[in-house]
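What follows is a set of notes on a single structure, which appears directly below.
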Amino acid sequence: MSETTPRPAPSAGSGHGPATGPRRVLGLLVAVALVAGGVAYTVEQREQDARARAAATQVTTPAPPPPKSTKQTRAAAAIAARRVAIDTILIRRAQAVQAGNEALFLTDVDPANKQLRAEQKILFANLVEIGFSEIGFSQAEERFNPAVLQAHGSTTYLVRILMRYQIPAVDFTPVTTELGYTFVARGGRWLLTADDELDEDLGPGAHREAWDLGRIEVQRGPRVLVVVEKGDTRRGRAIVRETTEGLEQVLAYWPRKWTGSVFVIALDETEVRDARFADEDIESAASTGTTFSSLPGQDTADGTVAGGYVVINPNERDRVDEILLSHELTHVATADLGGYEPLWLAEGVAEYVSWSGIEAIGGGSEVAKWEQEVIDDAVPQMTSLPSDAGFYQNSADVYGVSWLAVRYLAQRIGLAKVEELYADMAMNGIDQAARDRILLSRTGLTEATLWTSLTTYEPQR
Ligand SMILES: [Zn+2]
């Protein structure tokens, strides 16, 4: 999970909800576009009619100068017409993906921009390969950038775009990601002429989804989708096998009945979504980043967490095994609960599942030894449970201590009750007061007394 609430980059979960058919959503978009166009037309028409009537009754007097508002009305009409035109293009692009029609996808891409057209062909092939059950694009707000305006001329329209999609079995509910598109009007029509000029102003990981970064290949297992570079088939299949085993461990050692599929991205890229492995401070082999059904700031400040995708550090692609993946997959299999749980609980539970896998293959003494090291070495260096703030920058063994806290709770109240505690925290732990209330009511402990318990904890062996 990662650092913000709800969860940022290095670890997170998955989602659920009623599936809305792609066709139905497309239908709604078309309807909205038609209504918007209709309104614009009607207003303009009404005004013209009124002027025509006025002119007809004023045959003998010179026509008055046009009302001051005419210019503004024309501008508003132009904006409305542009909105309809761009909506139509966006709908066409989504339909092209659904129909597997590359020519249709490229229809509105600037013929003069050869590089963009080449990139869009790759994007199209990737989108088709993912196999979305739903995909749609809509206009958010216009953005203004003098450099972009200067580069493309007076018709430049830079707009933030929301891409809403659903990967079957992976996304329990449609999720949203954002993009920035630059359109220009040329020869009486609108053309997409750039897709990266707003990237720096978008949220973390925007326009760096698995399909945005080069030609990909998807390898599939019954509950696993792995994305690798095109042609990296062997590695893709190996990661499918390790992920499948990792998922079996999560289902064996964590009581929640999670029914989803996992999406694992293993590209030769240090920055995919909000995973930033190029950062020297981040040594993790993989991270789980959140998906949102509603982005932060879209409807609420926090957004609505839908689930999580795993991203593997490019340098670790040959070393990931089911033990490491079971940690990340625990985040995935809990992410759709809401993402408000404290990080010590999220990371502690992920470590708990991972170490349970080691215990099960005869590593019991290794686990006991490690637990004792955490008690003897890590706990004395800290004065409280690790807080969310700075968790991933903390040089102390915050993972070990978090794991110990979950081991302690499992021994005290049983694993089933720890799972219930987790679910309650993830759904309702929106601030410290709520977290304190939930922890106290479900365990009889506060974070302070839980910490004190860890300092005197003697595991039963
Ligand atoms: Zn984690």
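The values are calculated or read from the model by the stated rules, or taken from the named source; none is laboratory data. Predicted, not measured: the structure shown is a model, and the values here were computed from it. Cβ placement follows ideal geometry from the backbone for every residue including glycine, while neighbour counts extend to all protein chains displayed. Note: areas computed on protein heavy atoms with side chains; ligands, DNA, RNA excluded. Shrake-Rupley method; radii C 1.70, N 1.55, O 1.52, S 1.80 Å.
Taking the conditions exactly as written (part of a helix (DSSP H, G or I), more than 16 Å from the chain's Cα centre (by Cα), within 13 Å of the ligand (Cβ to nearest atom) and among the hydroxyl-bearing types (Ser, Thr, Tyr)), does SER356 satisfy them or not?
On the way: part of a helix (DSSP H, G or I): yes; more than 16 Å from the chain's Cα centre (by Cα): yes; within 13 Å of the ligand (Cβ to nearest atom): no; among the hydroxyl-bearing types (Ser, Thr, Tyr): yes.
Spelling it out, it is not the case that SER356 is part of a helix (DSSP H, G or I), more than 16 Å from the chain's Cα centre (by Cα), within 13 Å of the ligand (Cβ to nearest atom) and among the hydroxyl-bearing types (Ser, Thr, Tyr).
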Any hit, the range 232-250, residues being over 20 Å from ALA285 (Cα atoms), in contact with a helix residue (DSSP H, G or I) (Cβ under 7 Å, 6 or more places away or on another chain), hydroxyl-bearing (Ser, Thr, Tyr) and not assigned by TED's automatic domain parsing to the domain that holds THR176: no
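Quick check: is even one residue across the range 385-393 aliphatic (A, V, I, L, M) and modelled with pLDDT of 95 or more? Please lay out each step first, then the result.
In the first step, residues of the range 385-393 are kept if they are aliphatic (A, V, I, L, M); the result is 385, 389.
After this cut, where a residue has to be modelled with pLDDT of 95 or more as well, the list is 385.
Yes - at least one qualifying residue is present in the range 385-393.
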Subset of the range 158-193 that is more than 21 Å from VAL128 (Cα to Cα) and aliphatic (A, V, I, L, M) - its residue that is most open to solvent (accessible area, probe 1.4 Å): ALA185
Selection status of ASP397, among the charged types (D, E, K, R) and surrounded by fewer than 19 Cβ atoms within 10 Å (Cβ to Cβ): yes
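If you go through the range 202-246, how many residues are in a helix (DSSP H, G or I), among the polar types (S, T, N, Q) and open to solvent by less than 40 Å² (accessible area, probe 1.4 Å)?
Our first condition is that a residue be in a helix (DSSP H, G or I); within the range 202-246, this holds for 233-246.
With the extra rule that they be among the polar types (S, T, N, Q), the set shrinks to 233, 243-244.
Within this subset, residues satisfying the condition of being open to solvent by less than 40 Å² (accessible area, probe 1.4 Å) are 233, 243.
The qualifying residues number 2.
Looking at ARG256, is it open to solvent by 10 Å² or more (accessible area, probe 1.4 Å), over 20 Å from the mean Cα position of the chain (by Cα) and closer than 22 Å to LEU343 by Cα? Write out each step before concluding.
Values: open to solvent by 10 Å² or more (accessible area, probe 1.4 Å): yes; over 20 Å from the mean Cα position of the chain (by Cα): yes; closer than 22 Å to LEU343 by Cα: yes.
Yes.
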Neighbours by Cβ (under 6 Å, 6+ apart or cross-chain): first from the range 229-241, without any contact (Cβ under 8 Å) to a residue 24 or more places away in the chain; second open to solvent by less than 40 Å² (accessible area, probe 1.4 Å) and of a type in the set (D, E, K, R): LYS230/GLU217
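Any chance the range 400-409 includes a residue that's assigned to a loop (DSSP other than H, G, I, E, B) and open to solvent by 20 Å² or more (accessible area, probe 1.4 Å)?
Applying the first criterion (assigned to a loop (DSSP other than H, G, I, E, B)) to the range 400-409 yields none.
Scanning the range 400-409, I find no residue that is assigned to a loop (DSSP other than H, G, I, E, B) and open to solvent by 20 Å² or more (accessible area, probe 1.4 Å), so the answer is no.
Quick check on the range 382-393. Is at least one of its residues in a helix (DSSP H, G or I), over 30 Å from GLY289 (Cβ atoms) and not hydrophobic (A, V, I, L, M, F, W, C)?
Initially, the range 382-393 is screened for residues in a helix (DSSP H, G or I), giving 391-393.
From the residues that got through so far, the ones that are over 30 Å from GLY289 (Cβ atoms) too are none.
The answer is no, given that none of the residues of the range 382-393 is in a helix (DSSP H, G or I), over 30 Å from GLY289 (Cβ atoms) and not hydrophobic (A, V, I, L, M, F, W, C).
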Answer from GLU341, GLU328 - the residue that is buried (at least 20 other Cβ atoms within 10 Å of the Cβ), within 11 Å of the ligand (Cβ to nearest atom), under 22 Å from the mean Cα position of the chain (by Cα) and at pLDDT 95 or above: GLU328
Of all residues making up the range 98-128, the number that are in contact (Cβ under 8 Å) with a residue 24 or more places away in the chain, part of a helix (DSSP H, G or I) and over 18 Å from HIS207 (Cβ atoms): 2
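Right, GLY348: surrounded by 16 or more Cβ atoms within 10 Å (Cβ to Cβ), within 16 Å of the ligand (Cβ to nearest atom), part of a helix (DSSP H, G or I) and at pLDDT below 95 or not?
Working: surrounded by 16 or more Cβ atoms within 10 Å (Cβ to Cβ): yes; within 16 Å of the ligand (Cβ to nearest atom): yes; part of a helix (DSSP H, G or I): yes; at pLDDT below 95: no.
Against the criterion (surrounded by 16 or more Cβ atoms within 10 Å (Cβ to Cβ), within 16 Å of the ligand (Cβ to nearest atom), part of a helix (DSSP H, G or I) and at pLDDT below 95), GLY348 does not qualify.
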Those residues of the range 118-143 which are farther than 29 Å from ALA80 by Cβ and open to solvent by 50 Å² or more (accessible area, probe 1.4 Å), in sequence order: ALA118, GLU119, LYS121, ILE122, VAL128
Residue match in the range 421-435 (condition: surrounded by 18 or more Cβ atoms within 10 Å (Cβ to Cβ), in contact (Cβ under 8 Å) with a residue 24 or more places away in the chain and outside any helix (DSSP H, G or I)): yes
Residue check, GLY364 away from the ligand (no atom under 16 Å from the Cβ) and within 28 Å of SER293 (Cβ to Cβ): no
Any hit, the range 294-317, residues being within 16 Å of the ligand (Cβ to nearest atom), open to solvent by less than 50 Å² (accessible area, probe 1.4 Å) and acidic (Asp, Glu): yes
